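Computed from the coordinates by the stated procedures, all read-outs in this text should not be read as laboratory data. Computed from a prediction, not measured in an experiment: that's the story for all the values here. Don't worry about glycine lacking a Cβ; one is built from the backbone with ideal geometry, like all the others, and counts go over all protein chains shown.
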Amino acid sequence: MLVAVSARDAYANLTLPPMLVERRITGRDAAFVTELTYGTLRHRGTLDAILAAGSSRPIDKVDLRVLQALRLGAYQLLFTRVPDHAAVAGTVEVARVALTDGPARFVNAVLRRVAERDLADWLTEVVPPLGDDPIAHLAIRYSHPEWVVRAFADALGEDVARLGEPDSETAKALAADNERPGVDLAARPGRIDPLELATEIQTELTRWTRPATPESPARPATPESPARPAAAAPHLEPTASPEAVTAAAEASVPEVVTAAAEASVPEVATATAEATDSTRTEATDAASQRPPATEEAPSEQPTPEQLAPEQPSAEQAPVEQAPVPEIAAVAEKQAAPSADDPGSLLGRWSPVAVRLPEGAPGNIPAIADGRAHVQDEGSQLCAWTLAAAPLEGPDARWLDLCAGPGGKAGLLAAIGVDRGAHLTAVEVIEHRAVLVQQAVAGLPATVLTADGRDVGTHPDLPEGGFDRVLVDAPCTGLGALRRRPEARWRKEPGDVPALAKLQRELLTAALRAARPGGLVAYVTCSPHLAETRVLVADVCRRTGAEPVDVRGVPEAAAAADLNPTPERVSASRAAALQLWPHRHGTDAMFLSLLRKPVGGHD
Ligand SMILES: C[S@@+](CC[C@H](N)C(=O)[O-])C[C@H]1O[C@@H](n2cnc3c(N)ncnc32)[C@H](O)[C@@H]1O
């Protein structure tokens, strides 16, 4: 799996679940594999620095398969509670089977050296002092490429001097990327009320956690324990990895959603998803309420405790090392859901967001029958803000210029029902246009497979033909790194100029499509300034488009108010919205609202 991700550019969150199913890896084994895969990919930067120090050979000269084995072993040694002897022996065995005795001996030697110290000790050795080289320090400490550290610092308005302090926001943003994200659902307006959806979720959770009786088995069926009485009510399937669920669900691929759901079991997945030192108690409490597993874990299996990521204790933490920051905003948002209060599942920003604390979305009836869909709350808020922003004049023709796979199109079209609006959704890639079609099924929407830049030449994309336009542009995705563990190592600074060119062309086309006085929402799931504020300022200068203050929409205002300058008030004195995982608990989405001037533009 790790070799497929590195050598063949595979996406872990889409490739792993079907691979587990194909190889019939289920239950605790699946949870263990998932944890090792995502953890190893996420912490690659830190692991490589440690392996470089512990290896007699430069690691960039080491065969890729050997290097992946080393990363996998070092991850177990330093970030989990798997016993050292099991981590080394297991990894060496993999190397022996997949490679030959020579590489296996090398893996053995390097891992034994890594095992001589704990993570805190290694960090003291391999991370440069914060005050000497803040960028390199943060890059290795939080396992991000240096250019991403710089991009986050720029977007957060922190200069190098500030980065040298232990409590910088950049450090918090980077740390948040290493946390596993939750799964958010959007209650589609007109189809289900958010509180009703929350109640439906709680009913399912209660059913699942109810003690087993012969008539009503509490534990859901798994491939290993398929017996489910035909008359039994539908039970919640085992918890899947949040990254896999969201990626698969946002891509609207039902088979993959199911595969993702079946890839792990709640006993282990919850512990591995949430077990940091600060949340372990919560995970343990939740585990104690769960129904008994139908199968015993093999004795050599790691326990949830062993899988828990290892954090250096306060005493162990080296003086120079930036502490893992507290994430107050996220902690507040992610307060533990109460068993009796569905309101505790409601989102904090989007009026239609509901959290799914565990379980597979596909087993919530509202998801199965299309009254709700899986969508990060930040994405929901962006679509909502466009629909809710004040607009004078006609308001029935809405356009989504980059619609695939259809998350925002589905929400916009659902909002449009009560408002008498019709959505035109454009997507250039054919199979993604099919996904958009599925996402808007039954809603007032038309899907076009077309290039969004063809406004004015495509017969269904007339200039000045739309009242509200969304351009959710293709981007580096630096705002969604917590969902895609390998993405941070795949993108390069050299990708930015070509993307920025396409983004500029699409935003300019969106402004052509808007009627005079109409609104355009420019959205990216990246906080990189070249893709966000710099680009928008440039297009405004060239087209005369007028930035609109997002604080005109109450929900966006609440989220924008969490941001200090520079996002709150830009040079044009109109606030854009920059969301952050560490502040808002959402992906780092950017939104700028623009109004097409009544006098037209070039
Ligand atoms: C960030 S994604 C949009 C996500 C989508 N709005 C959602 O919420 O599900 C960008 C999409 O734009 C599409 N795209 C890229 N270039 C395009 C173009 N020139 N015209 C139309 N769509 C384009 C990509 O294929 C991709 O599906």
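Counting 0.36 nm for each residue step from Ala4 to Glu430 and taking away their Cα separation leaves a gain of 150.8 nm.
Ranked by the mean number of other Cβ atoms within 10 Å per residue, highest first, peptides 575-582, 539-546, 368-375 order as 575-582, 368-375, 539-546. Each label point was placed 7 Å from the Cα along the Cα-to-Cβ direction; for Arg24 and Ala558 their separation is 5.0 nm.
Residues whose amide H comes within less than 5 Å of that of Gly347, counting only those at least five positions distant or on another chain, are Ala353, Val354, Arg355 (H built at 1.01 Å from N in the peptide plane). Scoring 61-73, 399-411 by mean Cβ neighbours within 10 Å over their residues and listing the highest first yields 399-411, 61-73.
Charge tally for Trp147 (other residues, Cβ to Cβ under 11 Å; Lys, Arg +1; Asp, Glu -1): -1. In sequence order, the range 382-395 has phi-based couplings of 5, 5, 4, 5, 4, 5, 8, 5, x, 8, 8, x, x, 8 Hz under the Karplus curve 6.51 cos²θ - 1.76 cosθ + 1.60, θ = phi - 60°, and Gly or Pro positions carry x. Rounded if a/c is under 1.5, else prolate if a/b beats b/c, else oblate: with a ≥ b ≥ c from the C-alpha gyration tensor eigenvalues square-rooted, which is the range 378-595? Rounded shape, in that the Cα axes give a/c under 1.5.
Whole-Hz Karplus values for the range 83-99 come out as x, 3, 4, 6, 5, 5, 4, x, 6, 4, 5, 4, 5, 5, 6, 7, 10 Hz, taken residue by residue from phi with 6.51 cos²θ - 1.76 cosθ + 1.60 and θ = phi - 60°; glycine and proline positions read x.
Taking a sphere under 12 Å around the Cβ of Ala383 and counting the other residues whose Cβ falls inside, with K and R at +1 and D and E at -1, yields a net charge of -2. In order along the range 340-348, phi translates into HN-Hα couplings of 9, 10, x, x, 6, 8, 5, x, 9 Hz, rounded to whole numbers, per the Karplus curve 6.51 cos²θ - 1.76 cosθ + 1.60 with θ = phi - 60° and x for Gly and Pro. Taking a ≥ b ≥ c as the square roots of the eigenvalues of the Cα gyration tensor, an a/c ratio of 1.5 or more together with a/b no larger than b/c marks the range 62-105 as oblate.
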